[in-house]
Amino acid sequence: MPNWCSNTFTIKGDVDSLRPLWEATQQEDNPQFLEAIAPIGEWEYANAVDTWGTKWDVNTDGMEFEDHGDGTATLHGFFDSAWSPPIEAFNTLAGALGWCFIELYYFEPGMAFVGYWSSEGGDDYYEIDPDAEDMGIPEYLEEHFNVADWFASEEEEECM
């Protein structure tokens, strides 16, 4: 059973580039996101981790598409990934799209890390000490995921 990494993302770019990606997430019989970004074909653990940064494709239920009517669009939402965020897949997408902006916030409480990645060079990664009074993470990441509250609620559940 994997630890689940919570991810929220935004991809802004050309509508003609993002619409096929959105359509891949909406396939009724086999919705795909990471496979649509960086195809691996038949799944194999090492190939998935090397290509996507995580071992399985992700659930697409929390994703939304907005066509802005000016030739641009935004694909955004949330998903959980196994053990780690799909940074490798997003790197591939950034290289393939040309003009685009991608940002990804991620939090993996089981392995106690949190971070932010963007296609414009943003790459903040922090290991968390849940027992420390000051967890040593920036306020924007604390606020994005309510990290302290998450660990406090887990501690309360363990005490019950």
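Nothing in this text is a laboratory measurement; each read-out follows from the coordinates by a stated rule. Computed from a predicted structure; not experimentally measured. Methodologically, a virtual Cβ is constructed for each residue, glycine included, from the backbone with ideal geometry; neighbour enumeration extends over all protein chains shown.
Model label points for Glu64 and His76, set 7 angstrom from Cα along the Cα-to-Cβ axis, are 0.8 nm apart. Pair-distance distribution of region 62-129: all C-alpha pairs, bin width 10 Å, starting at 0; shares per bin in whole percent are 18, 46, 28, 7, 1. Summarised as an ellipsoid, the chain has semi-axes of 29, 18, 15 Å, derived from the eigenvalues of the Cα gyration tensor scaled by 5 and square-rooted, with the largest first. Here the mean projected area of the convex hull built on the C-alpha positions of region 90-160 is 5.4 nm². Across the options Trp83, Tyr105, Thr72, the greatest Cα extent toward the positive end of the charge dipole of the chain (unit charges at beta carbon of Lys, Arg, Asp, Glu) belongs to Thr72.
Extension gain for the segment Trp99 to Ala132, taken as residue separation times 0.36 nm less the Cα-Cα distance, is 7.7 nm to one decimal.
Given +1 at the Cβ of Lys and Arg, -1 at the Cβ of Asp and Glu and no other charges, the dipole of region 1-75 around its Cα centre is 320 debye to the nearest 20.
A straight chain from Thr10 to Glu42 at 0.36 nm per residue would run longer than the Cα-Cα distance by 8.8 nm.
Rounded to the nearest 20 debye, the dipole magnitude of the chain is 740 debye, with +1 charges on Lys and Arg beta carbons, -1 on Asp and Glu beta carbons, and the Cα centre as origin. Placing a label point 7 Å from the Cα of Trp83 along the Cα-to-Cβ direction, the residues of region 29-64 whose backbone N falls under 14 Å from that point are 44-57. The alpha carbons of region 1-49 give a radius of gyration and a Dmax of 12.9, 38 Å, in that order.
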